[in-house]
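**Student:** Sharing a structure with you now.
No lab work stands behind these numbers, since they all come straight from the coordinates. Not measured: the values here are computed from a predicted model. All Cβ positions, even for glycine, are placed from backbone atoms using ideal geometry, and neighbour counts span all protein chains on display.
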Amino acid sequence: MNYGFVKVASAIPHVKVADCQYNVQRIERQIEEAESQQVHIIAFPELSITGYTCGDLFSQQLLLEESEMALFKLLNNTRQLDIIAIVGLPVIVNSTIINAAVVIQKGKVLGVAAKTYLPNYKEFYEQRWFTSALQLEETQVRLCGQVVPIGANLLFETSQTTFGIEICEDLWATIPPSSSLALQGGEILFNLSADNENIGKNQYLCSLISQQSARCIAGYVFSSCGFGESTTDIVFTGNALIYECGALLERNKRFCMEEQLVISEIDVDRIRAERRINTTFSANKGNIDGKRAVRIATEMVNAQPFHLTRRYPTHPFIPVMSELGERCEETFAIQVAGLSQRLVHTHSKSVVIGISGGLDSTLALLVCIKTFDKLGYPRQGIHGITMPGFGTTDRTYQNALTLMKELGVSIREIDIKAACLQHFKDIGHDSTVHDTTYENSQARERTQILMDIANQTNGLVIGTGDLSELTLGWATYNGDHMSMYGVNTSIPKTFIKHLVRWVAENEMNEVGRTTLLDIIDTPISPELTPATESGEIKQKTEDLVGPYELHDFFLYYFLRFGFRPSKIFFLASLAFEGTFDQATIKKWIYIFFRRFFNQQFKRSCLPDGPKVGNISVSPRGDWRMPSDASVEAWLNEIENIRID
């Protein structure tokens with residue numbers, strides 16, 4: 001299976017201006033190389049068969065005939081190949097010349113995409129030689145002995161995807177032709193270009209492509225002229241760029257004198273999922289102007305071995321290091337804005353939060369600190385409550401006290417052991433049986449204490465549960481599951497560590513920094529069962545429900561893009577190669593889906609909390625799901641996954 005990936009290539013061949021035979025030889029060589037790497041569709045620069053900088057030579061009959069003969073040769077020499085190639089050349093239509101992108105496969109011309117917007121300003125003079133697609137009345141053209149469709153509204157359908165084409169300046173237009181092509185089904189957009197270089201232009205070009213691929217919810221493959229074009233007045237350095245929904249997948253090295261072939265895979269499954277979810281995209285279909293798209297079927301080809309070259313990060317919620325600081329700062333800003341509004345609205349200058357010495361309560365406390373400082377409220381209005389229980393270790397207990405002291409909040413300690421023992425006696429539970437009742441009674445006792453102190457102080461109970469725990473249902477119903485405002489509800493566990501570390505390294509004194517770093521290094525645990533004889537944490541969450549880095553990976557691709565379990569497993573096997581074997585990944589992805597479906601009832605009644613990232617499981621936000629939906633289809637697919 002290729003799991004919805006379409007392998008595409010952007011080629012930058014050597015070119016000799018007006019030497020069509022030479023240019024076709026270079027194009028043919030790169031087509032063959034791309035075919036050997038299982039590329040499905042390859043695009044070449046604008047007017048790649050003749051060269052873009054021919055100038056008035058485009059009016060010469062010999063050059064026009066040579067370009068068509070060169071295309072005929074290319075068709076003949078690649079007729080045994082499955083790959084679809086898009087090449088540029090001038091095409092004569094009823095005594096006019098069209099700047100065209102010709103789509104070829106297996107010796108056939110499938111269609112001719114015509115350039116719509118011809119630049120005729122500054123260094124560009126295209127209207128001197130070419131006619132715009134807007135003036136084209138013909139819908140067919142004879143080329144290389146074949147009568148084929150021509151126009152700016154062509155969509156090419158393969159067994160894997162549907163793609164459309166625009167040419168250079170079309171992208172720079174106020175409403176690019178690719179917008180209409182995308183709305184009519186084009187999932188991958190190709191641009192054959194001849195953009196020359198100016199200082200600062202490349203950055204603007206990349207922003208244009210990024211925005212257009214994001215706006216169209218599409219893949220975008222860009223290929224522009226490189227070394228060999230005339231430098232009489234301008235310079236071409238060659239840009240090979242592949243984008244997907246606004247994100248750069250792959251690019252070439254600029255100012256390179258060598259031929260280049262940039263290859264990546266565009267995830268059509270993701271594009272389709274994003275379009276299904278985004279109702280604005282479908283609503284825009286009513287605004288399609290101009291001619292309706294002409295759909296052209298491509299040749300069926302035999303399935304080939306699939307090898308994914310693009311890489312997926314193990315931690316999709318965590319940005320690259322250069323962006324991490326900014327992301328942490330922005331995350332805190334959103335959390336603080338959410339909590340600030342709730343406090344101002346309720347006229348409350350008091351919050352109550354249970355401090356365990358663990359990651360989640362630490363992050364929630366830091367958010368409260370930043371919120372109170374922003375509002376100008378005294379930190380003493382933050383009531384940090386530490387509630388030692390049967391499993392509390394000295395490490396987490398001391399870290400909780402030290403952190404609260406360093407941050408200057410009001411500290412209260414309430415031991416819950418006696419209350420829980422009385423509760424066990426009242427309900428007739430054996431306190432030596434460390435089962436679910438034993439554990440959840442402690443969580444609910446703590447929540448009751450927090451709620452009552454909130455009443456005492458006219459404050460709000462701040463929830464500490466995070467996105468990862470809510471996805472897995474790793475919370476006690478009406479225990480730590482409940483609060484008056486949950487500030488961590490859309491932040492995954494893997495990112496919480498980075499948020500806490502960012503504060504430790506940028507905003508704390510030595511004692512505070514040491515405490516926060518030790519909290520990060522502490523095993524994740526609810527500490528609801530007694531510690532070991534040496535006082536170490538015995539109950540480790542990740543031993544019970546699985547590694548959070550795996551679960552965060554699963555939830556990202558399941559909730560963000562709606563991927564099926566087999567595809568998520570495939571991606572996880574590549575991303576975590578050398579860290580987790582396939583048997584381990586299969587074990588925990590099964591647990592993930594089983595828990596996700598079975599624990600929906602907890603998410604159906606979540607407290608309020610701000611959406612911070614692009615995923616939320618709030619029933620008032622991103623996720624609405626019946627609590628009794630069947631998981632069988634997902635588990636059956638996981639059971640059928642074969643381990644290599």
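**Student:** If packing is taken as the mean number of other Cβ atoms within 10 Å per residue, what is the order of 532-538, 397-403, 413-419, 553-559, highest first?
**Tutor:** Put in order of decreasing packing, that is 553-559, 397-403, 413-419, 532-538.
**Student:** Oh, and also: Under 11 Å from the Cβ of residue 282, count the other residues' Cβ atoms, weight Lys and Arg +1, Asp and Glu -1, and hand me the total.
**Tutor:** Spelling it out: positives minus negatives among the neighbours equals +3.
**Student:** Can you find, among 188, 225, 75, the residue farthest towards the positive end of the dipole of region 5-297? Put +1 on the C-beta of Lys and Arg, -1 on that of Asp and Glu.
**Tutor:** Farthest towards the positive end: 188.
**Student:** Where Rh is the Kirkwood radius over the Cα pairs of region 5-297, the temperature 4 °C and the viscosity 1.567 mPa s, what D in µm²/s does Stokes-Einstein return?
**Tutor:** Estimated diffusion coefficient is 70 µm²/s.
**Student:** When DSSP beta bridges are limited to those with both residues in region 5-297, what percentage is antiparallel, rounded to the nearest 5?
**Tutor:** Around 60 percent antiparallel, to the nearest 5.
**Student:** Can you work out D for region 321-639 in µm² s⁻¹ from Stokes-Einstein, where Rh is the Kirkwood radius over C-alpha pairs, the temperature is 20 °C and the viscosity is 1.002 mPa s?
**Tutor:** It diffuses with D of about 106 µm²/s by this estimate.
**Student:** How long is the gain from residue 95 to residue 122 if the chain were fully straight, where each residue apart is worth 0.36 nm and the alpha carbon distance is subtracted?
**Tutor:** This chain segment gains 7.0 nm when fully extended.
**Student:** Related question: Which whole-number percent is the relative contact order of the chain (Cα, under 8 Å, 6+ apart)?
**Tutor:** Relative contact order of the chain: 11 percent.
**Student:** Tell me, how many Å apart are the Cα centres for region 428-464 and for region 291-360?
**Tutor:** Each part reduced to its Cα centre gives a spacing of 31 Å.
**Student:** What does the C-alpha gyration tensor say about the overall shape of region 496-594? Classify as rounded when a/c is under 1.5, otherwise prolate if a/b is larger than b/c, or oblate.
**Tutor:** Taking the square roots of the gyration eigenvalues as a ≥ b ≥ c, region 496-594 is oblate.
**Student:** Using r as the Cβ-Cβ distance of residue 37 and residue 624, and R0 as 41 Å, what FRET efficiency do you calculate, to the nearest 0.05? Spell out each step's value before the answer.
**Tutor:** On the way: r = 43 Å, r/R0 = 1.04.
In this case the efficiency is close to 0.45.
**Student:** Here is a follow-up. Among (i) 26.9; (ii) 25.6; (iii) 28.0, only one was calculated for this model; which label is it, if the read-out is Kirkwood radius over Cα pairs in Å?
**Tutor:** The value computed from this structure is option (iii).
**Student:** Between residue 379 and residue 425, how many nm apart are label points set 7 Å from Cα along the C-beta direction?
**Tutor:** For the pair residue 379/residue 425, the computed spacing is 4.1 nm.
**Student:** Please compute the contact order of region 321-639 in relative form: average sequence separation of alpha-carbon pairs under 8 Å and at least six residues apart, divided by the residue count, as a percent.
**Tutor:** 19
**Student:** Rounded to the nearest 0.05, what FRET efficiency is calculated for residue 282 and residue 507 with R0 set to 45 Å and r the Cβ-Cβ distance? Display every interim value, and only then the final one.
**Tutor:** Numbers: r = 45 Å, r/R0 = 1.00.
According to the calculation, E is roughly 0.50.
**Student:** Run lengths n ≥ 4 of DSSP H only: what is the helix-derived mean residue ellipticity at 222 nm for the chain, with -39500 (n - 2.57) per run over all residues, to the nearest 500?
**Tutor:** -12500 deg cm²/dmol
**Student:** In region 321-639, with Lys and Arg counted as +1 and Asp and Glu as -1 at Cβ, which of these residues, 368, 459, 419, has the Cα nearest the positive end of the dipole, that is, farthest along it?
**Tutor:** 459
**Student:** Alpha carbon centre of region 94-158 versus region 165-192: separation in Å?
**Tutor:** Rounded to whole Å, the Cα centres lie 14 Å apart.
**Student:** Take 89, 499, 261 and order them by how many other Cβ atoms sit within 10 Å, fewest up front.
**Tutor:** Final ranking by Cβ density, sparse to dense: 261, 499, 89.
**Student:** Right, next: For the chain, what is the charge dipole size about the Cα centre, in debye to the nearest 20, if Lys and Arg each add +1 at the Cβ and Asp and Glu each add -1 at the Cβ?
**Tutor:** Numbers: 59 positive and 74 negative charges, 247 e Å.
So the magnitude is around 1180 debye.
**Student:** Then there is this: Counting pairs of Cα atoms in region 254-407, how many percent are more than 28 Å apart?
**Tutor:** Details: 6790 of 11781 pairs.
For region 254-407, the share of Cα pairs beyond 28 Å comes to 58 percent.
**Student:** Now, a different point. So what are region 132-254's ellipsoid semi-axes, whole angstrom, largest first, if each one is the square root of 5 times an eigenvalue of the alpha-carbon gyration tensor?
**Tutor:** Equivalent-ellipsoid dimensions as semi-axes: 25, 20, 13 Å.
**Student:** Another question, if that's okay. Please go through region 50-121 and write out the chymotrypsin sites (Phe, Trp or Tyr not before Pro) that DSSP classes as loop and that have at most 16 other C-beta atoms within 10 Å. Display every interim value, and only then the final one.
**Tutor:** Working: sites: 52, 58, 72, 117, 121; in loops: 117, 121.
Here the sparse-neighbourhood loop sites are 121.
**Student:** Taking neighbour counts of Cβ atoms within 10 Å as a proxy for exposure, in what order, fewest first, do 20, 245 appear?
**Tutor:** Values: 20 24, 245 21.
Lowest to highest Cβ neighbour count: 245, 20.
**Student:** Okay, moving on. Using a simple charge model, +1 on the beta-carbon of Lys and Arg, -1 on the beta-carbon of Asp and Glu, nothing else, what dipole does region 321-639 show about its Cα centre, in debye to the nearest 20?
**Tutor:** About 840 debye.
**Student:** Please give the FRET efficiency for residue 605 paired with residue 57, using the beta carbon to beta carbon distance and R0 = 56 Å, rounded to the nearest 0.05. Write out the running numbers ahead of the final one.
**Tutor:** Working: r = 73 Å, r/R0 = 1.30.
The value I calculate is 0.15.
**Student:** With an 8 Å Cα cut-off and a minimum separation of 6 or more residues, compute the relative contact order for region 418-528 in percent.
**Tutor:** This gives 21 percent for region 418-528.
**Student:** Relative to the present Cα-Cα distance, how much length would full extension add between residue 255 and residue 542 at 0.36 nm per residue of separation? List each step's numbers first, then the result.
**Tutor:** Values: separation 287, 0.36 × 287 = 103.32 nm, distance 4.92 nm.
Value of the extension gain: 98.4 nm.
**Student:** Using a simple spin-label model with points 7 Å from Cα along the Cα→Cβ vector, what separation in nm is obtained for residue 639 and residue 457?
**Tutor:** Label-label distance for residue 639 and residue 457, simple model: 5.0 nm.
**Student:** Another question, then. Let me spell out the model: positive unit charges on the Cβ of Lys and Arg, negative unit charges on the Cβ of Asp and Glu, origin at the Cα centre of region 5-297. What dipole size does that give, in debye rounded to 20?
**Tutor:** Dipole about the Cα centre, nearest 20: 680 debye.
**Student:** Highest mean first, what order results for 595-601, 213-219 on Cβ atoms within 10 Å?
**Tutor:** Ranked by mean Cβ neighbours within 10 Å, highest first: 213-219, 595-601.
**Student:** Rank by packing, highest mean first: peptides 475-482, 312-319, 137-144, with packing defined as the count of other Cβ atoms within 10 Å averaged across residues.
**Tutor:** Final packing ranking: 475-482, 312-319, 137-144.
**Student:** Between residue 142 and residue 300, what length in nm is gained on full extension when 0.36 nm per residue of separation is reduced by their alpha carbon distance?
**Tutor:** Stretched fully, the residue 142-residue 300 segment lengthens by 54.5 nm.
**Student:** Out of all DSSP beta bridges with both ends in region 30-144, state the antiparallel percent to the nearest 5.
**Tutor:** 85
**Student:** Let me ask something else. Rounded to the nearest 5, what is the percent of antiparallel bridges among the DSSP beta bridges in the chain?
**Tutor:** Within the chain, antiparallel bridges account for around 50 percent of the total.
**Student:** What are the radius of gyration and Dmax of region 491-540, computed over its Cα atoms and given in Å?
**Tutor:** 13.1, 37
**Student:** In whole angstrom, how far apart do the alpha carbon centroids of region 194-262 and region 11-77 sit?
**Tutor:** 19
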